[in-house]
Amino acid sequence: MNTTILRKSVLGIAGLAVAGGIAAGPLHLTDTPTVDTRPVAVVQADKPAVDKAKLIPHGVQGEQSRIDLNDEQTGNVKAIIAATKKAGMDERAAVVSIATSLQESKLENLGHLGDRNDHDSQGLFQQRPSSGWGTVEQITDPEYATLAFLKGLKQVDGWQDMPLTRAAQTVQVSAYPDHYAQWEQQAADLVAEHWNS
């Protein structure tokens, strides 16, 4: 037999074998990398942390109080923080505001309490329409009430360098000026938790 014909026959048979193998399925290669098709979890970067040293720059004064908050109170915390940002003020201003509201209303947007009312005080900050804080409708709006409080705080020279209770008292003119201090730690914790949420 002619070697050329023999060679062509062998190559033809080999070609059929390869073609048959491809038609029958892929060749198994041991070095083929596998692809993991399982879903990949997306990990989001943590929110930037609040500088806690800015929240309580002088340390807390006296014994601290703490209450558990319901959804409404937590919503009011978030409203105070949003209004603070809207006013262009920092986290420390939010701490002073929240501590003030904790003392005045336990972060509840109080309406007129009848015989239990302190004069005509209402809202988160127990502001009084008769003292020029705004109408009842305004001072019971958390954003308005916070902005009104912050406007007063901005007018206190050096409020950033004062103990919280002195800054709050200068705005509020309370009969119990030292009571704001007891809420500083909880207010700072709430700002740390919700400022970047």
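Throughout, read-outs are computed from the coordinates displayed, never taken from laboratory work. Note that the coordinates shown come from a computational prediction; the quantities given were computed from them, not determined experimentally. Cβ coordinates were reconstructed from backbone atoms using ideal geometry, including for glycine residues, and neighbour counts include every protein chain displayed.
Computed from phi, the 3J(HN,Hα) profile of the range 164-175 under the Karplus parametrisation 6.51, -1.76, 1.60 (θ = phi - 60°) reads 3, 5, 6, 5, 4, 5, 4, 7, 7, 6, 8, 6 Hz, with x in place of Gly and Pro.
For the range 183-197, backbone phi angles converted through the Karplus equation (6.51, -1.76, 1.60; θ = phi - 60°) give residue-by-residue couplings of 9, 4, 5, 5, 4, 5, 4, 5, 5, 4, 6, 10, 4, 9, 8 Hz, Gly and Pro being listed as x. Computed over the Cα atoms of the range 49-197, the ratio of the radius of gyration to the Kirkwood radius (Rg/Rh) comes to 0.93.
Radius of gyration (Cα atoms) of the range 129-197, expressed as a multiple of 2.2 N^0.38 Å: 1.20. For the pair Q61 and D120, label points projected 7 Å from Cα toward Cβ lie 3.1 nm apart. Modelled this way, with points 7 Å down the Cα-to-C-beta line, the labels at K78 and Y176 are 2.9 nm from one another.
Here's the list of lysines a cross-link from K52 could span, going by alpha-carbon distance under 29 Å and ignoring same-chain residues fewer than 8 apart: K78, K85, K86, K106, K151, K154.
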